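The values are calculated or read from the model by the stated rules, or taken from the named source; none is laboratory data. Every value quoted in this text rests on a predicted model; they were computed, and no experiment measured them. Glycine also receives a Cβ, built like all others from the backbone with ideal geometry; neighbour counts cover every protein chain displayed. Note: accessible area is taken over every heavy atom of the protein model, side chains too, but ligands, DNA and RNA are not part of it. Shrake-Rupley method; radii C 1.70, N 1.55, O 1.52, S 1.80 Å.
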Amino acid sequence: MELGLVELLRAAWIAGTLPILIASLPCSWLGSFHGLVLGFARRGKIMKSSSHHKFTVPQRFFSHFYVVAVVWTTLLLIATWIYARRMAPIVSEPFFYSDLVSYLAGRSNTFSFHRSQLINSENKFRVWLSVFLLLLMEVQVLRRLFETLYVFKYRPSARMHIFGYLTGLFFYTAMPLTLCCTCAPNVFKFCTSEVMEFIVKDRSSMQAIEFDWWDLVNLFSKLGWCQWIGAAIFLWGWIHQHRCHAILGSLREHVGKVDEYVIPCGDWFEIVSSPHYLAEIVIYAGVVFGSGGADLTIWLLFGFVVSNLIFAAAETHRWYLQKFDNYPSNRVAIIPFVC
């Protein structure tokens, strides 16, 4: 049986999540496996100095993740937007937005469309929903690129494992694709057809590509409650992550020695050791909620994000406890009042 894009992405997220879940089990005979997975995940301050230059890269290479994410997410967003305007034009059918709201709010749709409709109603909803989710992620990766370049001040000695680096590149390639995986194959076919037509035909005979801001205004004005709540959750996590990253970035300004560390304080740092990870989970929870919660692939993406960040946060919390005798006792690793 031929595997499609959706199946491959689901398999990839499961394959990435299972080792982390297994390594997190409280079994003594899994200690070596736990150490192996942890070795791949370590970076920066929690990476042992003895392994600084063995299969590692500078931690400042984090910027590569977000360069890839911005370029790839932007390309997917533009391609999906053009495909949506050409193949699922929202202005050609007066009932489209009422149906879109019904779909995004989780209600069934039994409306009939004109025979001239280019794609059916369900696919229309999925295409424009993909545009919405990619817009959210575009806002996220643009901010993360800015922070990596101008907010964070990576120590010259900070390293990360090459496997973690490659995993990051994979994540920021597969993650945007997951948000539009249901329509991505058709978008790719459409873009390939457009490129071939451009090559074969004279440029003057090609249909002009127009960007209409009114499409964006209409889309946001007709979103269902599920999408507005998802966007609110996303924005809540987005704001707090930026605040926590600003706090981490400012620590280097108040440290004298290169390898000296201080306890971060402020915002969600008052309750957890890795609030930027907590905020990342909140951001992706907003994406899941905004998607309507009916896409298994997006749920598997969320599962990978949660398991990976909880695993990393637990090690960071242990490092803080070992490093500082006066570390606040009320702080937990990542989930407030839980762990």
Simple label model, 7 Å out from Cα along Cβ direction - Thr192 to Phe163, nm: 3.5 nm
Long-range amide H partners of Thr56 with built H, under 5 Å: Ile162
Spin-label model distance (nm) - Ile14 vs Val262, 7 Å beyond Cα toward Cβ: 4.8 nm
Derived scalar couplings ³J(HN,Hα) [the range 67-83; Karplus, 6.51 cos²θ - 1.76 cosθ + 1.60; whole Hz; x for Gly, Pro]: 5, 4, 5, 5, 4, 5, 5, 5, 4, 5, 5, 5, 4, 5, 4, 4, 4
Estimated distance in nm for a label pair at Phe55 and Phe170, the labels positioned 7 Å out from Cα along Cα-to-Cβ: 1.4 nm
Solvent-accessible area, 1.4 Å probe, carbon plus sulfur percent, for the range 226-331: 62 percent
R0 of 45 Å, Cβ-Cβ distance Trp299-Asp325: FRET efficiency to nearest 0.05: 0.60
Net length gained if the chain between Arg318 and Ile239 were fully extended (0.36 nm per residue, minus Cα distance): 25.8 nm
For Phe163, net neighbour charge (Lys/Arg +1, Asp/Glu -1) across residues whose Cβ lies under 13 Å away: +4
Rounded Å value of the spacing that divides the Cα centres of the range 21-45 and the range 325-339: 21 Å
